Amino acid sequence: IIEPYIEIKSTDSLPSHINRSHSIVRKEYVYVVELNTADTTDLKELRGIGSVFAARIIKYRNLLGGFHHKEQLLEVYGMTEELYSKISEHIIVDSDILTTININTATLQQLNHHPYLNYYQAKAIIKYRDLGNTFDNVVDLKNITIIDNDTYEKIKPYLSVR
């Protein structure tokens, strides 16, 4: 009796984003992680990031003093271009919350601990200060010849003079 009132559409006419094998269409949500405040649980929500890798990202973030831009994830051991391209749209970075190192007061150990400075560059900064110089601003770091422009550009967000 009710057959004339029932219309069953073919699954061929459904839009391609709808899974034809399920009767319930799930709305996908976009999960976004702020790298400088995320914990390992947050990072594991990203497809392809497990416990070990999440811990590695946090460890590198702590060494850096925070991420200045999300492309720095490519510096984390094991991060591939492929994985980065899959997760990059789900990542944002608040670079206003970086931890900086005061180059007028930092110890050799503190400077050498940063991934962007090697021992000789850290020692040169200390020697520059030992010669009676002070850094009025971070750009004064360019007075140290062992610190090339690439290193300077990478390290400058992590340095302060006060």
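Of the residues D136, D150, the single one that is out of contact with any Asp or Glu (no Cβ under 9 Å at 6 or more places or on another chain), assigned to a loop (DSSP other than H, G, I, E, B), open to solvent by 90 Å² or more (accessible area, probe 1.4 Å) and of a type in the set (D, E) is D136.
Against the list (1) of a type in the set (D, E, K, R); (2) in contact (Cβ under 8 Å) with a residue 60 or more places away in the chain; (3) not in a loop (DSSP other than H, G, I, E, B), the condition R162 fails is (3).
Within region 30-39, the only residue that satisfies the criterion of being surrounded by fewer than 17 Cβ atoms within 10 Å (Cβ to Cβ) and not in a loop (DSSP other than H, G, I, E, B) is E34. Go through (1) hydroxyl-bearing (S, T, Y); (2) open to solvent by 30 Å² or more (accessible area, probe 1.4 Å); (3) modelled with pLDDT of 95 or more for Y84 and report which single condition fails. That leaves (2) as the condition not met. Scanning region 66-77 turns up one or more residues that are modelled with pLDDT of 95 or more, loosely packed, with under 10 Cβ neighbours inside 10 Å and either out of contact with any His (no Cβ under 9 Å at 6 or more places or on another chain) or not acidic (D, E) (or both). The lone criterion from (1) free of Cβ contacts under 8 Å to residues at least 24 places away in the same chain; (2) more than 21 Å from K142 (Cα to Cα) left unmet by G78 is number (1).
Under the condition of being farther than 16 Å from V161 by Cα and either open to solvent by 40 Å² or more (accessible area, probe 1.4 Å) or among the aliphatic types (A, V, I, L, M) (or both), the residues counted in region 98-123 number 9.
Taking every residue in region 112-139 that is on the phi < 0 side of the Ramachandran plot and in contact (Cβ under 8 Å) with a residue 40 or more places away in the chain and pairing it with any residue that is in a loop (DSSP other than H, G, I, E, B) and not charged (D, E, K, R), at least 6 positions away or on another chain, the pairs with Cβ-Cβ distances below 8 Å are H114/G65. Taking the stated definitions as given, is I49 more than 16 Å from S160 (Cα to Cα), in contact with a Leu (Cβ under 8 Å, 6 or more places away or on another chain), in a loop (DSSP other than H, G, I, E, B) and open to solvent by less than 50 Å² (accessible area, probe 1.4 Å)? When the stated conditions are applied, I49 passes them.
The values are calculated or read from the model by the stated rules, or taken from the named source; none is laboratory data. Because the structure is predicted, anything quoted here is derived from the model rather than measured. Glycine gets a Cβ as well: all are built from the backbone with ideal geometry, and neighbour counts include every protein chain shown. All accessible areas refer to the heavy atoms of the entire protein, side chains included, with ligands and DNA or RNA removed. Shrake-Rupley method; radii C 1.70, N 1.55, O 1.52, S 1.80 Å.
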